[in-house]
Amino acid sequence: MDNLNCFEKLQSLNMTVSDGGSEATADYIKRYNDGKASKNLCEQYELILAMERGGANTYNVELSRILEDALNEDETRAIEAIDNGKDALTTVLICYELSDGVIERMILEPSITNPLVKFEVIRQAIGRRRSSALSDPAILASGFVQLSSLGDSVFSFAIRHFQFRYEFFPAIGLALGDLSEDAIKLFAENITIGRGSLDFVEAVNSLLNSIKADKFDHVINAIAETIYSKWCNLLENTQIEKGVDEVIVCSYSNLILCSMLKLFANVDDFNYELNCVLSEMENCLYAWYADSSSMLSKYFVCATKIYMLNLVSQNHIFNIYMNKPLFDKLHRVCTLIGNHHDFWKYSRNGITIDNVIIWDNIAETNP
């Protein structure tokens with residue numbers, strides 16, 4: 001390689017890793033090679049992340065010298081060489097040695113056509129807490145918009161990979177307004193809505209606040225059905241668990257609410273959904289259960305649905321009393337909910353029984 005110039009050296013780079021006799025490492029390498037053959041980034045990055053956990057993302061003198069020479073001579077040409085068909089491992093090891101300035105230029109650079117390179121420079125910026133890309137969400141947002149146009153599989157992988165990083169939320173929120181409708185839907189399809197902790201509530205709020213005002217309705221319209229379906233699946237899976245003792249909220253609850261506001265903006269659609277949920281709660285309260293814990297979980301799943309529909313009704317200012325049969329059913333179910341007030345004694349998230357049965361007061365204001 002000594003007879004090659006810096007660009008030829010950069011172009012010919014092909015990094016490999018050996019197992020060193022370790023069975024665990026050999027398994028990672030096999031998964032990497034299988035993932036490389038099938039273009040499965042998740043399997044490829046299992047090796048890369050394992051190497052990083054072991055401290056492999058350290059300074060490489062020879063690689064750093066090659067990159068420094070190439071970038072100093074012609075930065076644009078050097079970036080083109082990096083962009084030209086490198087495998088994941090080689091791309092990652094190269095990006096370790098790039099300065100913050102070059103990383104940020106490559107995030108913004110529209111001439112990069114390799115989605116793996118675009119993903120990796122975004123990953124490097126998010127991983128470097130000193131990077132100015134973190135203080136300016138527009139830089140990462142531009143990277144996400146460009147990545148979405150370079151291939152669905154890598155963009156989907158990026159959503160799944162970054163979704164538990166706080167830096168991701170304001171950037172993707174800003175990007176959503178500039179994504180195609182298909183890419184917006186990919187975002188909704190690839191985020192994880194689970195019970196877990198509420199650590200990302202504010203992060204999701206920053207996502208919602210970052211969506212461009214003139215694009216907000218379009219974005220929510222594109223994702224509403226998918227988000228609501230994911231939430232319903234979460235509740236469906238939760239009701240077979242034991243020990244649920246409060247209304248179920250999660251980090252994405254405000255996004256779920258925005259989706260429900262879109263889906264049930266029509267009063268007839270809303271009334272139909274509310275009637276179904278009230279029937280479900282009524283059946284729940286009269287059903288037989290093997291133990292009280294099973295009933296508790298089913299009770300709070302139904303209470304969660306009623307609570308969220310209550311919020312939808314308040315936002316749209318629906319007058320439930322105008323539909324007398326539905327209101328009577330609501331009144332009856334709220335009374336049944338109140339009969340089980342002892343169920344709420346372990347609730348920790350601040351949502352009380354009064355937040356669910358507040359509908360009962362509608363009769364007082366709508367004679």
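The figures follow:
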item	result
Only one of G173, G243 that is touching a residue at least 24 places away in the same chain (Cβ under 8 Å), more than 22 Å from F318 (Cβ to Cβ) and loosely packed, with under 14 Cβ neighbours inside 10 Å	G243
Residues located in the range 259-277, provided they are over 12 Å from N310 (Cα atoms) and either surrounded by fewer than 21 Cβ atoms within 10 Å (Cβ to Cβ) or touching a strand residue (DSSP E or B) at 6+ places or on another chain (Cβ under 7 Å) (or both)	K262, L263, A265, N266, V267, D268, D269, Y272, N275, C276
Output for the range 53-91, where each listed residue is modelled with pLDDT under 90 and closer than 27 Å to D152 by Cα	N84, G85, K86
Residue check, F155 crowded, with 20+ Cβ neighbours inside 10 Å, within 25 Å of Y228 (Cα to Cα), among the hydrophobic types (A, V, I, L, M, F, W, C) and in contact (Cβ under 8 Å) with a residue 40 or more places away in the chain	yes
Matching residues in the range 209-227 - criterion: being crowded, with 19+ Cβ neighbours inside 10 Å and either in a helix (DSSP H, G or I) or out of contact with any helix residue (DSSP H, G or I) (no Cβ under 8 Å at 6 or more places or on another chain) (or both)	S210, V219, I220, A222, I223, A224, T226, I227
Subset of the range 89-109 (residues that are among the aliphatic types (A, V, I, L, M) and crowded, with 18+ Cβ neighbours inside 10 Å)	L89, V92, L93, I94, L98, V102, I103, M106, I107
The range 292-351 - residue that is over 23 Å from D245 (Cα atoms) and among the hydroxyl-bearing types (S, T, Y) and, of those, modelled with the highest pLDDT	S313
So S99, is it hydroxyl-bearing (S, T, Y), more than 23 Å from the chain's Cα centre (by Cα) and over 26 Å from Q163 (Cβ atoms)	yes
Test: L108 is within 19 Å of Y252 (Cα to Cα), aliphatic (A, V, I, L, M) and out of contact with any Asp or Glu (no Cβ under 8 Å at 6 or more places or on another chain)	no
Flag if G243 is touching a Cys at 6+ places or on another chain (Cβ under 7 Å), at pLDDT below 95 and within 30 Å of A287 (Cβ to Cβ)	no
Flag if S156 is modelled with pLDDT of 95 or more and under 18 Å from the mean Cα position of the chain (by Cα)	yes
E167 being crowded, with 19+ Cβ neighbours inside 10 Å and either modelled with pLDDT of 95 or more or charged (D, E, K, R) (or both)	yes
Looking only at the range 120-148, and only at residues there that are among the hydrophobic types (A, V, I, L, M, F, W, C) and within 18 Å of S180 (Cα to Cα), the one that is farthest from the chain's Cα centre (by Cα)	A138
Close pairs from the range 291-313: first free of Cβ contacts under 8 Å to residues at least 12 places away in the same chain, partner of a type outside the set (S, T, Y), Cβ under 8 Å, at least 6 apart	M295/C284; M295/A287
Residues of the range 258-278 satisfying the condition of being without any contact (Cβ under 8 Å) to a residue 40 or more places away in the chain and of a type in the set (G, A, S)	S259
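Yes/no per residue for (1) over 27 Å from P110 (Cα atoms); (2) small (G, A, S); (3) free of Cβ contacts under 8 Å to residues at least 12 places away in the same chain; (4) buried (at least 18 other Cβ atoms within 10 Å of the Cβ):
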{"residue": "E23", "(1), (2), (3), (4)": "yes, no, yes, no"}
{"residue": "K36", "(1), (2), (3), (4)": "no, no, no, no"}
{"residue": "N40", "(1), (2), (3), (4)": "no, no, yes, no"}
{"residue": "Y45", "(1), (2), (3), (4)": "no, no, no, yes"}
{"residue": "N60", "(1), (2), (3), (4)": "yes, no, no, no"}
{"residue": "D69", "(1), (2), (3), (4)": "no, no, no, no"}
{"residue": "R77", "(1), (2), (3), (4)": "no, no, no, no"}
{"residue": "D87", "(1), (2), (3), (4)": "no, no, no, no"}
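The values are calculated or read from the model by the stated rules, or taken from the named source; none is laboratory data. Quick caveat, the model's predicted, so the values are computed rather than measured. Neighbour counts are summed over all protein chains in view; Cβ atoms, including those assigned to glycine, are modelled from backbone coordinates with ideal geometry.
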